[in-house]
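Since the structure comes first, as structure tokens, the remarks are kept for the end.
The numbers here are math on the coordinates, done by the rules we state, and not lab data. All values derive from a computational prediction rather than experimental measurement. Note that we place each Cβ from the backbone using ideal geometry, even for glycine, and neighbour counts take in every protein chain shown.
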Amino acid sequence: MSTKKLWGGRFTAQAESWVDDFGASISFDQLMADEDITGSLAHVKMLKKTGILPADDCDKIIAGLEELASELHEGKLEFSTTNEDIHMNIESLLTEKIGPVAGKLHTARSRNDQVATDFHLYVKNRLPLVIEELTTLQETLVGLAEKNVKTIMPGYTHLQHAQPISYGHYLMAYYQMFKRDKERFEFSFKHTDVSPLGAAALAGTTFPIDREFTAKELGFADVYANSLDAVSDRDFALEFLSNASIMMMHLTRFCEEISMWVSQEFKYLELSDSFTTGSSIMPQKKNPDMAELIRGKSGRVYGDLMGLLTTMKSLPLAYNKDLQEDKEGVFDAVKTVLPCLKVFNGMIATAKPNVDRMKHATENDFSNATELADYLATKGVPFREAHGIVGQLVLKGIQEGQNLQDMPLEELKKASPKIEEDVYNELKSEVAVERRHSLGGTGFDQVQAQIDNAKAELKKAD
């Protein structure tokens, strides 16, 4: 006597319920219910077109699947671990609705190509959502940068004051990072937008199916050229997780700096109360919890990537039950990155830069030392010699508590007779920033050019 499973014909024993629970994936793959019904509709329409199944049977199946789709969207469908996964659950529900004819739906199809199709559709449907959030963040950064082209702040290397820069320039650096992120997700469409449907279990099928028809029905741009590859490939999911991890890394860099910029030591930014929290014991606290939480959530997405990479490592062709572990990480990453982008966008959009504090930080340091070295170089002093002269002046300034721009001209001339009165203008932080006209530099005209180019890019993408 066979088991009650839809695949149980050759089995004589029923697994214990706790074993069924362990093997079932319905607890998470029900997130692909819509994709599963969509894929089944395309498949049965193909069976009708090719005459593999009688038209009447196909029409009954189509009507039943459309009813299930409506009930799903109304929240009326209930799934069971008895039926293991979303595919068996949908087929079982369809059988309850239209009777044994539902069993014909699985003609010329395996759960192997079915799940791969569902997964491709799921990722394909989520890519635009991530890209949309990235675009919104880019638009926010461009808007903020344009308001802060002439806002001066310290630029850092090794977390030490390096040279003064435009805050707009700083923001546009992250624009470029998120631009690359968006391009990576856009490229992911190429490998996601491929249909595995029709590969069957691993070897294709003897039925005269039309894979191009189902691909077109599902909106896929291409079909897998090899049936073994079709059912076993998860590169598209790995690409999504890799892209998401790189994007989260960019967010963590920004969040780390925000967490510093809002501290008492820096005071460069003030975050909105809407994106901060207080302390249960210290009344004065205003914590950048959203920035910290986004920074922390990067670990989840990195873990999702490493989990799938490890699952795929050394996995033999074609389908293996290990591949049941491919989806939860992607589901988790989608659930993580979308709110992270949304919250981060709101946080940075409402953050207020402390313009005076930022500029003051560039006037009470030696970040204009390179300006003095460049000044001497334009006067004919070899740059290496100029570098040594300025280094000695910096040492003197540190020892005596005096900035370069505050040193008397006589003292500067002792270091080099090439230094004239005009040097004081060169040492102003806003002049130092404005004069950096090299392509991609922090000069005000260059920052505005970056902003203009970004606006054109975003407009073109609309």
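In terms of Cα to Cα distance under 17 Å, which aspartates and glutamates are near enough to Lys418, apart from those fewer than 8 places away along the same chain?
Glu371, Asp374, Glu385, Glu410, Glu426
Quick one: Karplus J couplings for the range 272-286, per residue in order, coefficients 6.51, -1.76, 1.60, θ = phi - 60°, nearest Hz, x for Gly and Pro?
So the Karplus estimates, Gly and Pro as x, are 5, 4, 5, 10, 9, 9, x, 10, 6, 10, 10, x, 7, 6, 9 Hz.
Size of the dipole of the range 14-107 about the Cα centre, Lys and Arg at +1 and Asp and Glu at -1 on the beta carbon, nothing else charged, in debye to 20?
560 debye
Estimate the FRET efficiency between Lys379 and Glu292 by the formula 1/(1 + (r/R0)^6), using the beta-carbon distance for r and 35 Å for R0, to the nearest 0.05. Please list the in-between numbers first.
Numbers: r = 49 Å, r/R0 = 1.39.
Working from the Cβ atoms, E equals 0.10.
Tabulate in residue order the Karplus-calculated ³J(HN,Hα) for the range 344-360, using 6.51 cos²θ - 1.76 cosθ + 1.60 with θ = phi - 60°, rounded to whole Hz; enter x for Gly and Pro.
Per residue, the Karplus-derived 3J(HN,Hα) values read 4, 4, x, 5, 6, 5, 9, 6, 10, x, 8, 4, 5, 5, 4, 5, 4 Hz.
Could you calculate the contour length gain from Thr310 to Ser70, that is, 0.36 nm times the residue separation minus the distance between their Cα atoms, to one decimal place in nm? If you can, show how the numbers build up before the last one.
On the way: separation 240, 0.36 × 240 = 86.40 nm, distance 3.79 nm.
Full-extension gain reported as 82.6 nm.
With angles folded into 0 to 90 degrees, how steeply does helix 167-192 sit against the dominant principal axis of the chain? Use alpha carbons for both and round to 10.
Approximately 20 degrees, to the nearest ten.
Counting each DSSP H run of 4 or more residues in the chain as -39500 (n - 2.57), what helix-only mean residue ellipticity at 222 nm follows after dividing by all residues, to the nearest 500 deg cm²/dmol?
Helices in the chain give a 222 nm mean residue ellipticity of -20000 deg cm²/dmol.
Between Leu458 and Met249, what is the FRET efficiency for a Förster distance of 22 Å, r being their Cβ-Cβ separation, to the nearest 0.05? Kindly include the intermediate steps, with their values, before the conclusion.
Working: r = 23 Å, r/R0 = 1.03.
Approximately 0.45, to the nearest 0.05.
Note down the magnitude of the dipole of the range 360-461 about its Cα centre, charges +1 on Lys and Arg C-beta and -1 on Asp and Glu C-beta and zero elsewhere, to the nearest 20 debye.
That gives a dipole near 440 debye.
On C-alpha positions alone, give me the angle between the axis of helix 235-261 and the longest principal axis of the chain, in degrees, nearest 10.
30 degrees
Is the range 14-107 best put as rounded, prolate or oblate by its Cα gyration tensor, with a ≥ b ≥ c the root eigenvalues, rounded for a/c under 1.5, and otherwise prolate when a/b is larger than b/c, oblate when not?
Prolate.
What longest region of the chain stays clear of trypsin sites (Lys or Arg not before Pro) that DSSP places outside H, G, I, E and B and that have at most 11 other Cβ atoms within 10 Å? Could the numbers behind the result be given before it?
Details: sites that count: Lys4, Lys76, Lys285, Lys313.
It works out to 77-284.
Go through Lys104/Lys182; Lys359/Lys455; Lys267/Lys297; Lys267/Lys428 and tell me which ones have a Cα-Cα distance over 32 Å in this structure.
Lys104/Lys182
From the square roots a ≥ b ≥ c of the eigenvalues of the alpha-carbon gyration tensor of the range 121-171, which class results: rounded (a/c under 1.5), prolate (a/b over b/c), or oblate?
oblate
Which number do you get for Rg(Cα) / (2.2 N^0.38 Å) in the range 324-462? Present the calculation step by step, with values, prior to reporting the outcome.
On the way: Rg = 22.9 Å, N = 139, 2.2 N^0.38 = 14.3 Å.
This ratio for the range 324-462 stands at 1.59.
Two decimals is fine: what is log10 I(q)/I(0) at q = 0.14 Å⁻¹ for the chain, from a Debye sum with one equal scatterer on every Cα and no solvent?
Summing over Cα pairs of the chain leads to -1.24.
Please report the relative contact order for the range 253-365, taking Cα pairs under 8 Å with a sequence separation of at least 6, and give it as a percent rounded to a whole number.
34 percent
Modelled label-to-label distance, Ser274 and Val394, 7 Å Cα→beta-carbon offset: nm?
The answer from the label model is 4.3 nm.
Along the Cα→Cβ direction, 7 angstrom out, place labels at Ala162 and Lys147. What is the inter-label distance in nm?
Result for the modelled spin labels: 2.7 nm.
How many nm is it between the label spots at Lys285 and Asn320, if each spot is 7 Å from the Cα in line with the beta carbon?
In this crude label model, Lys285 to Asn320 measures out at 4.7 nm.
Relative to the Cα centre, what is the charge dipole magnitude of the range 143-274, using +1 at the beta carbon of each Lys and Arg, -1 at the beta carbon of each Asp and Glu, and rounding to the nearest 20 debye?
Approximately 420 debye in magnitude.
Filter the cross-link list Lys179/Lys460; Lys45/Lys327; Lys45/Lys321; Lys60/Lys97; Lys190/Lys216 down to pairs whose alpha-carbon distance in this structure exceeds 20 Å.
As for pairs spanning more than 20 Å Cα to Cα, those are Lys45/Lys327; Lys45/Lys321.
I'd like the FRET efficiency for Asn364 and Lys104, computed as 1/(1 + (r/R0)^6) with the beta carbon distance as r and R0 of 56 Å, rounded to 0.05.
That gives a FRET efficiency of 0.10.
In degrees, nearest 10, range 0 to 90: what is the angle between the Cα axis of helix 55-73 and the longest Cα principal axis of the chain?
So the helix axis and the longest Cα principal axis differ by about 40 degrees.
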